[in-house]
Ligand code: NAD
């Protein structure tokens with residue numbers, strides 16, 4: 001699997017090996033479970049506004065096909081690479097299985113900084129990338145969704161490009177679309193709300209009152225901003241937030257409505273009045289009840305895990321904590337980790353609801369979407385907590401064990417094909 005070599009893929013494999021050891025999997029089963037089923041790398045030529053042509057590189061990895069079509073986000077970020085996408089696809093597999101969804105994991109992306117492209121360039125890039133994926137994606141094959149650097153508009157262009165080829169509208173080919181095109185109510189907010197629901201649920205478990213509790217959020221994007229607002233609604237004071245350009249801090253709590261207005265105008269949290277600037281590294285070390293990393297992988301490392309001052313680490317991002325940091329955190333009973341594949345599963349759960357609604361052309365109210373979401377999150381949280389306590393293992397190992405075991409059992413029952 002040398003072609004997937006990447007620190008994030010190594011990290012996903014290290015996590016998997018711990019689970020495989022615990023489950024006593026054979027070498028052959030380990031390989032079958034680990035190796036991505038298929039991957040696509042495409043040159044994506046795009047005509048730029050100045051008349052020049054730029055060739056971007058696009059990826060899509062489908063990790064396993066055992067339980068249904070594959071599902072996973074599309075990332076636009078300059079550092080997107082095959083190995084990173086493969087790791088994210090593998091985590092999606094364990095996440096979907098943990099949540100009981102009929103999907104294998106997938107992930108895709110383009111190595112590009114979307115902030116440097118005009119609206120028209122972004123549209124041409126998205127349409128050409130989607131064109132390269134024709135035959136590889138589809139409502140019964142592989143269903144993309146938004147991730148870092150992508151949004152509803154990009155999903156709308158993907159859906160439109162795919163539909164043009166099909167000759168009719170195919171809303172079920174992507175999730176995270178605008179509601180007017182077959183998107184689901186509550187999808188945009190689902191991941192962040194799920195993070196806040198599970199953080200609140202953990203506070204109840206630990207008997208921590210919301211009154212006087214604080215939250216810090218790394219990455220004030222879709223997941224981070226919605227999580228911040230939801231935590232604030234639960235009574236927590238959000239004292240620090242950051243984005244790719246820097247962070248802001250106010251010990252009395254940030255006014256999130258004013259912050260949103262600032263971000264809408266300035267495209268960054270940096271410079272927000274009534275706050276002090278704070279560096280990204282220092283932000284993670286702020287004392288708080290709930291710390292939400294909601295940006296990139298490998299943010300909590302051996303270098304800072306020992307210095308975290310949160311009570312709950314609620315992983316909104318995928319893969320924010322390295323295995324070395326995990327080892328340090330496992331010796332810190334003062335920190336409760338809600339692992340990524342559980343904590344941020346709200347997004348794929350409501351994506352699943354969106355897909356079901358699209359296939360049936362029958363749409364649900366927001367209350368129904370949220371009720372069903374919280375019921376699924378609650379079930380997975382209780383199962384993970386029970387296993388973690390019963391077997392005296394970390395919440396991450398418990399969550400991954402539940403997910404991996406379901407995929408493994410399905411592979412054993414079906415045979416060698418998928
Ligand atoms: P987004 O693009 O909407 O927001 C990402 C935010 O992180 C932006 O504010 C960006 O400026 C910031 N950021 C980037 N680099 C940073 C850095 N080094 N330090 C601090 N902030 C930084 O993306 P998103 O959809 O909110 O995704 C965030 C994370 O959540 C990713 O790890 C993604 O895989 C994960 N996730 C997203 C969803 C979803 O439904 N969107 C679901 C599950 C998991």
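Here, each number is a calculation from the coordinates, and none is a lab measurement. What you see is a predicted model, and the numbers here were worked out from it, not measured in a lab. Using ideal geometry, Cβ is built from the backbone for each residue, glycine included, and neighbour counts are taken over all protein chains shown.
Below are the figures for this structure:
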read-out	value
Translational D in µm²/s for the stretch 121-254 (Stokes-Einstein at 20 °C, 1.002 mPa s, Kirkwood Rh from C-alpha pairs)	127 µm²/s
For the stretch 357-418, fraction of C-alpha pairs farther apart than 18 Å, in %	58 percent
Shape call, the stretch 1-101: gyration tensor on alpha carbons, a/c limit 1.5	prolate
Extent along principal axes [Cα atoms of the stretch 277-418; Å; largest to smallest]	49, 39, 28
Zero-based 5 Å bins, Cα pair distances in the stretch 260-308, whole percents	4, 17, 21, 24, 18, 11, 5, 1
Ellipsoid semi-axes in whole angstrom, largest first, where each is sqrt(5λ) of the Cα gyration tensor of the chain	30, 27, 21
Cα gyration tensor of the stretch 182-338 - equivalent ellipsoid semi-axes, whole Å, descending	22, 18, 16
Between the stretch 244-287 and the stretch 308-346, the Cα center-to-center distance that results, in Å	23 Å
Distance from the stretch 105-142 to the stretch 144-181 (C-alpha centre basis), Å	10 Å
Calculated over the stretch 227-318: convex hull of Cα atoms, volume per residue (Å³)	96 Å³
Rounded, prolate or oblate (a/c below 1.5 giving rounded, otherwise prolate when a/b exceeds b/c) for the stretch 294-338 by Cα gyration tensor	oblate
Rel. contact order, % - alpha carbon contacts under 8 angstrom, at least six apart, the stretch 223-314	25 percent
Once the Cα gyration tensor of the stretch 232-284 is diagonalised, semi-axes √(5λ) in Å	16, 14, 9
Size-normalised alpha-carbon gyration radius of the stretch 117-178, reference 2.2 N^0.38 Å	1.02
The stretch 8-164 - Debye-derived log10 I(q)/I(0), Cα point model, q = 0.09, 0.17, 0.18 Å⁻¹	-0.30, -0.94, -1.03
Pairwise Cα inverse-distance average, inverted: Kirkwood Rh of the stretch 328-397 (Å)	13.9 Å
Percentage of interatomic Cα-Cα distances in the stretch 29-87 larger than 18 Å	46 percent
Convex hull (Cα only) mean projected area of the stretch 184-263, reported in nm² to one decimal	5.5 nm²
Segments 344-356, 1-13, 271-283 sorted - mean Cβ within 10 Å per residue, highest first	344-356, 1-13, 271-283
Cα-based convex hull volume of the stretch 47-125 per residue, rounded to whole Å³	93 Å³
Distance between the stretch 347-400 and the stretch 79-104 - C-alpha centres, whole angstrom	15 Å
Expected 222 nm ellipticity per residue - DSSP helices of 4 or more, -39500 (n - 2.57), all of the chain, to 500	-14500 deg cm²/dmol
Max mean-square fluctuation residue, GNM over the chain, Cα-Cα springs under 10 Å, options 141, 387, 23	23
